[in-house]
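Notes follow the structure.
The values are calculated or read from the model by the stated rules, or taken from the named source; none is laboratory data. Note that the coordinates shown come from a computational prediction; the quantities given were computed from them, not determined experimentally. Cβ sites come from the backbone with ideal geometry, for glycine too, and all protein chains shown count toward neighbours. These accessible areas exclude ligands, DNA and RNA; they are computed on the full protein's heavy atoms, side chains included. Shrake-Rupley method; radii C 1.70, N 1.55, O 1.52, S 1.80 Å.
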Amino acid sequence: MDRKIKAIKTTYSEDELIVLLKEKSENGFHYLYDHYSGALYGIILRIVQSKEYTEEVIQDVFVKIWNSIHQYDASKGRFYTWMINIARNTAIDYLKSKGFQNELKNQPLPDFVYNTAELSTVNSTSDYIGFNNVLEGLEVDKQELIDLAYYQGYTQNEISEKLKIPLGTVKTKMRNALMKLKDLLKDYQ
């Protein structure tokens with residue numbers, strides 16, 4: 001019996017992956033998870049600061065990517081950036097959810113207070129996407145804004161209150177920081 005075994009392609013370009021996901025290909029989903037789960041996990045963990053909660057959120061993130069892949073528009077940005085935004089927004093929504101807030105209220109104090117350094121799998125030596133190197137190109141105040149907004153999930157209003165600076169200043173500095181990041185990222189491509 002002469003059976004030919006079809007080899008499964010192990011590397012896909014971003015465009016090929018998007019096509020596979022739009023076709024609801026299991027191989028595409030497995031490739032997506034295998035190649036992007038580590039980076040997305042790190043981003044979510046920095047926001048929710050708990051391995052247990054991060055594992056819940058990452059499942060939601062991949063379901064959202066799978067279900068909303070048809071909404072991805074390459075003219076608006078890179079696929080990876082689109083996925084990061086889904087991960088970030090899902091993590092922030094999770095933290096703001098009533099279920100999560102109620103769970104925090106009902107936990108005994110030792111379980112509620114956790115050491116992020118012990119739980120974190122992300123540190124400066126294992127930055128999944130090398131983004132810490134890029135952030136170092138920003139002024140310290142802009143690094144703080146990016147950290148508060150994108151890693152800790154603060155809104156611009158909350159940043160304004162926390163740092164005791166006007167909302168307009170936060171918006172201007174954030175815009176400038178993002179423009180500078182865009183320029184810095186061009187050097188890493």
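Within region 118-176, considering only helices (runs of 4 or more DSSP H) that don't extend past its boundaries, which have at least 2 residues that are open to solvent by less than 60 Å² (accessible area, probe 1.4 Å) and modelled with pLDDT under 80?
131-135
Give the residues of region 162-173 that are free of Cβ contacts under 8 Å to residues at least 24 places away in the same chain, within 24 Å of the chain's Cα centre (by Cα) and farther than 19 Å from ALA91 by Cβ, sorted by residue number. Lay out the reasoning, then the answer.
So the first thing to find is which residues in region 162-173 are free of Cβ contacts under 8 Å to residues at least 24 places away in the same chain, and the list is 162-169, 171-172.
The next check asks that each one be within 24 Å of the chain's Cα centre (by Cα); those that pass are 162-163, 171-172.
Matches in region 162-173: LEU163, LYS171, THR172.
With respect to the numbered conditions (1) in contact with a Lys or Arg (Cβ under 6 Å, 6 or more places away or on another chain); (2) open to solvent by less than 20 Å² (accessible area, probe 1.4 Å); (3) under 21 Å from ILE146 (Cα atoms), which one is the sole condition not fulfilled by ILE86?
Result: ILE86 passes all but (2).
Is there a residue being at pLDDT 90 or above, open to solvent by 60 Å² or more (accessible area, probe 1.4 Å) and among the β-branched types (Val, Ile, Thr) anywhere in region 52-61?
no
How many residues are touching a residue at least 24 places away in the same chain (Cβ under 8 Å), within 17 Å of the chain's Cα centre (by Cα) and open to solvent by 10 Å² or more (accessible area, probe 1.4 Å) if we restrict to region 20-46?
8
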